[in-house]
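The values are calculated or read from the model by the stated rules, or taken from the named source; none is laboratory data. Worth saying up front: this structure is predicted, and the values here are computed from it rather than measured. Counting neighbours? That spans all protein chains shown, and the Cβs are built from the backbone with ideal geometry, glycine included. Heads up: the accessible areas ignore ligands, DNA and RNA and are worked out on the full protein's heavy atoms, side chains in. Shrake-Rupley method; radii C 1.70, N 1.55, O 1.52, S 1.80 Å.
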Amino acid sequence: VISPEGTNDAWYAVTFDTDGRLVVAGTVNGDFAAARFRTSGDLDRKFGDRGVTLADLGTTSDAAYAVGLAPDGSVVLGGGSGGAFAFAKFTADGIVDGGFGTAGKAAFDAGAGDDVVGALRVTPDNKIVAAGGSGGNVAGVRLNAHGTPDATFSGGNVLRLSNLAARTGTGLAPDRTIGLALQTDGELLVANRTAGGNFGVVRINADGSTDDDFGAG
């Protein structure tokens, strides 16, 4: 499946809904974008505007690098905008969810100036957990269903994982190579690399503290 030439599209993340349709996330002309494809590979024109939906986060280089589906089928995107963690939420039909954040959009400043979400999941109770590069490290956040900070996770703050290093100094976009998995008990696994260039995995408790019983501290 190839989008029309000249539309300046890029898809960076993909997932499946309960009907087997593909939901993708990325950027179209500098805006957050999501699209849904039928199992045949055709755009599902019942989603958004003839298969594609957009969210303008306020800059000319907004891009979504992660996508998750809530239990009700709504679509959550995570990425970067203006150097901050950025999120957008759409209904299952691809319409901007006006009850999320401000007009369907929310941003989290992790303080590094080049923050970008690389992975996210939506929990069974509709909370949004995300991890991404933040300066030279990796950071995690958790939002309530309406896009506000979850005060029960790291006190509602950004959790900085100093033992995971983000890629910097490449001249490319901020590092979005982070992986995230949600355990059935609510704990999170976040993966990227260590400062020494090795594989690194951190486990986070449901309250946003690191699980020091996992691996070596």
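Within the set 82, 78, the sole residue that is open to solvent by less than 20 Å² (accessible area, probe 1.4 Å), under 20 Å from residue 158 (Cα atoms) and not hydrophobic (A, V, I, L, M, F, W, C) turns out to be 78.
Just for strands (runs of 3 or more DSSP E) wholly inside the range 1-103: which have at least 1 residues that are farther than 23 Å from residue 143 by Cβ? Lay out the reasoning, then the answer.
Details: elements: 9-16, 22-28, 31-37, 52-55, 63-69, 75-81, 84-90.
The qualifying strands (runs of 3 or more DSSP E) are 9-16, 22-28, 31-37, 52-55.
Note down all Cβ pairs under 6 Å where the first residue falls in the range 99-123 and is at positive phi and buried (at least 19 other Cβ atoms within 10 Å of the Cβ), the second is among the aliphatic types (A, V, I, L, M) and modelled with pLDDT of 90 or more, and they're at least six residues apart or on different chains. Hits for this filter: 104/88; 104/96. One residue stands out among those in the range 137-168 that are within 11 Å of residue 209 (Cα to Cα) and outside any loop (DSSP other than H, G, I, E, B): the one that is most open to solvent (accessible area, probe 1.4 Å), which is 160. Against the numbered list (1) within 23 Å of residue 157 (Cα to Cα); (2) touching a Phe, Trp or Tyr at 6+ places or on another chain (Cβ under 9 Å); (3) polar (S, T, N, Q), residue 102 comes up short only at (2).
Among the residues of the range 16-25, is any farther than 18 Å from residue 104 by Cα, open to solvent by less than 80 Å² (accessible area, probe 1.4 Å), out of contact with any Ser or Thr (no Cβ under 9 Å at 6 or more places or on another chain) and of a type outside the set (D, E, K, R)? No: zero hits. Within the range 1-18, the residues that satisfy the criterion of being over 13 Å from residue 64 (Cα atoms) and touching a residue at least 12 places away in the same chain (Cβ under 8 Å) are 1, 7, 8, 15, 17, 18.
Taking the numbered list (1) in a loop (DSSP other than H, G, I, E, B); (2) at pLDDT 90 or above in turn, residue 120 passes all entries but (1).
When the range 59-72 is filtered for residues that are open to solvent by less than 60 Å² (accessible area, probe 1.4 Å) and farther than 18 Å from residue 13 by Cα, only 59 remains.
Residues that are touching a strand residue (DSSP E or B) at 6+ places or on another chain (Cβ under 7 Å) and farther than 16 Å from residue 134 by Cα were ranked within the range 184-199; the one that is least open to solvent (accessible area, probe 1.4 Å) is 188.
Within the range 37-53, is even one residue under 22 Å from residue 123 (Cβ atoms), buried (at least 20 other Cβ atoms within 10 Å of the Cβ) and in contact (Cβ under 8 Å) with a residue 24 or more places away in the chain?
Within the range 37-53, the subset under 22 Å from residue 123 (Cβ atoms) is none.
Looking through the range 37-53, none of the residues is under 22 Å from residue 123 (Cβ atoms), buried (at least 20 other Cβ atoms within 10 Å of the Cβ) and in contact (Cβ under 8 Å) with a residue 24 or more places away in the chain.
Of 125, 115, 109, which residue is within 27 Å of residue 217 (Cβ to Cβ) and at pLDDT below 95?
Values: 125 fails: within 27 Å of residue 217 (Cβ to Cβ); 109 fails: within 27 Å of residue 217 (Cβ to Cβ).
It is 115.
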